[in-house]
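The values are calculated or read from the model by the stated rules, or taken from the named source; none is laboratory data. Treat the numbers as computed from the prediction; the structure is a model and nothing was measured. No Cβ is skipped: glycine too gets one built from the backbone with ideal geometry, and neighbour counts run over all protein chains shown. Protein only, heavy atoms only, side chains kept; ligands, DNA and RNA dropped before computing areas. Shrake-Rupley method; radii C 1.70, N 1.55, O 1.52, S 1.80 Å.
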Amino acid sequence: MNETRAGFVALIGEPNAGKSTLLNRMVGAKVSIVTHKVQTTRARIRGIAMAGASQIVFVDTPGIFRPRRRLDRSMVKAAWGGAADADVILLLIEAHRGLTDGAQAIIDSLRQHAGQTPVALVINKIDRVKSETLLALSQQLNTAFDFTRTFMISAEKGYGCDDLLDWLAGQVPEGPWLYPEDQVADLPMRMIAAEITREKLTLRLHEEIPYQLTVETERWEEKKDGSARVEQVVYVARPGHKGIVLGKGGETIKAVGQAARAELAEFMGRPVHLFLQVKVRENWLDEAERYNEMGLDFRDGDA
């Protein structure tokens with residue numbers, strides 16, 4: 001029998017580099033919020049992939065960017081915390097954007113945070129550029145940092161992802177599995193449910209509002225017929241945002257609820273009754289309890 005292996009792999013990169021898409025691809029289930037808006041992953045979401053006798057626990061960190069607010073600072077601290085705890089670090093770079101100032105800043109910080117941990121370069125969205133551009137970018141990045149390996153992938157289409165998973169399977173240390181074989185995430189269902197609803201809101205709302213709201217699962221009741229009753233609150237920072245989230249005649253929140261309920265039911269494989277409320281809580285960005293709900297440390301936001 002093969003020796004079992006298990007370990008943590010941190011995904012780091014700029015916002016929108018494709019970390020959540022890669023995590024969902026590797027795990028084979030949707031455990032991380034995927035939207036076209038940047039900075040949407042708040043908690044360090046762990047997704048669990050099996051590859052032969054290896055269990056690979058992915059830590060999807062928030063995108064690393066220049067923080068302006070307490071929440072931003074907490075997210076960036078969580079990202080580097082995830083990298084520090086990992087057995088392998090994957091740096092995702094978007095092929096069509098190349099070595100941006102933000103990517104260079106992450107590489108500079110990697111020298112401080114990575115230590116002896118192997119760091120692999122993952123150039124994502126390779127279907128957007130020509131092969132000669134890819135080769136030049138790979139050379140440029142490997143000159144900037146001593147990467148252990150370089151992978152070229154499309155997380156969205158799946159190109160190159162099997163090779164990356166096979167390599168990671170051999171990189172994680174020998175040891176017993178950390179989670180049951182059929183588990184795909186170590187987040188509680190209450191938090192996954194809140195993330196699903198927040199994703200639907202993010203997709204429907206525009207500009208700053210998605211960053212000014214949070215979703216919490218207040219009540220979870222298992223029904224005798226096998227279904228679940230889930231009650232959630234959407235907290236917004238300003239009274240004017242409440243009307244936008246509700247929509248004309250409540251149509252926005254109704255559509256969000258329907259989409260979130262359908263996805264949650266599919267994820268759980270059973271019926272879900274989802275009830276949403278919208279409440280104004282002007283200072284939620286400065287409340288430690290809200291950060292705990294998101295899996296972040298409030299104190300990390302101290303300037």
Matching residues in the range 9-24 (in contact with a Lys or Arg (Cβ under 9 Å, 6 or more places away or on another chain) and either modelled with pLDDT under 80 or open to solvent by 20 Å² or more (accessible area, probe 1.4 Å) (or both)) number 4
Can you name the residue in the range 115-124 that is modelled with pLDDT under 95 and within 22 Å of the chain's Cα centre (by Cα) and, of all such residues, is least open to solvent (accessible area, probe 1.4 Å)?
VAL119
Filtering the range 32-56 down to residues that are at pLDDT 60 or above and open to solvent by less than 30 Å² (accessible area, probe 1.4 Å), which residue is farthest from the chain's Cα centre (by Cα)?
ALA53
What are the residue pairs meeting all of these: first residue in the range 1-26, first residue on the phi > 0 side of the Ramachandran plot, second residue modelled with pLDDT under 85 and in a helix (DSSP H, G or I), Cβ atoms under 7 Å, and 6 or more apart or on different chains?
GLY13/LYS19
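Residue-wise test of (1) out of contact with any helix residue (DSSP H, G or I) (no Cβ under 6 Å at 6 or more places or on another chain); (2) modelled with pLDDT under 95; (3) open to solvent by 30 Å² or more (accessible area, probe 1.4 Å); (4) within 23 Å of ASN24 (Cβ to Cβ).
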| position | (1), (2), (3), (4) |
| --- | --- |
| GLY249 | yes, yes, yes, no |
| GLU263 | no, yes, yes, yes |
| GLU266 | yes, yes, yes, yes |
| ARG281 | yes, yes, yes, no |
| TRP284 | no, yes, no, no |
| ARG290 | no, yes, no, no |
Given the conditions (1) modelled with pLDDT of 90 or more; (2) open to solvent by less than 50 Å² (accessible area, probe 1.4 Å), every one holds for LYS254 apart from (2)
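Residues are listed down the side, and each one gets a yes or a no for (1) out of contact with any helix residue (DSSP H, G or I) (no Cβ under 7 Å at 6 or more places or on another chain); (2) among the small types (Gly, Ala, Ser); (3) modelled with pLDDT of 90 or more; (4) over 23 Å from VAL278 (Cβ atoms):
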site: VAL172; (1), (2), (3), (4): yes, no, yes, yes
site: GLY175; (1), (2), (3), (4): yes, yes, yes, yes
site: LEU178; (1), (2), (3), (4): yes, no, no, yes
site: GLU181; (1), (2), (3), (4): yes, no, no, yes
site: MET189; (1), (2), (3), (4): yes, no, no, no
site: ALA193; (1), (2), (3), (4): no, yes, no, no
site: LEU213; (1), (2), (3), (4): no, no, no, no
site: THR217; (1), (2), (3), (4): no, no, no, no
site: LYS223; (1), (2), (3), (4): yes, no, no, yes
Condition first: more than 18 Å from LEU23 (Cβ to Cβ) and of a type in the set (Gly, Ala, Ser). Can you find one or more residues in the range 118-130 that meet it?
no
Checking LEU168 against (1) under 19 Å from ARG25 (Cα atoms); (2) modelled with pLDDT under 95, only one condition comes out false. Which one?
(2)
Close pairs (8 angstrom Cβ cut-off, 6 or more residues apart or separate chains): assigned to a helix (DSSP H, G or I) in the range 158-180, open to solvent by 90 Å² or more (accessible area, probe 1.4 Å) and not small (Gly, Ala, Ser) anywhere:
CYS161/ARG25; TRP167/ARG149
Yes/no for ILE106 being of a type in the set (A, V, I, L, M, F, W, C) and modelled with pLDDT under 95
yes
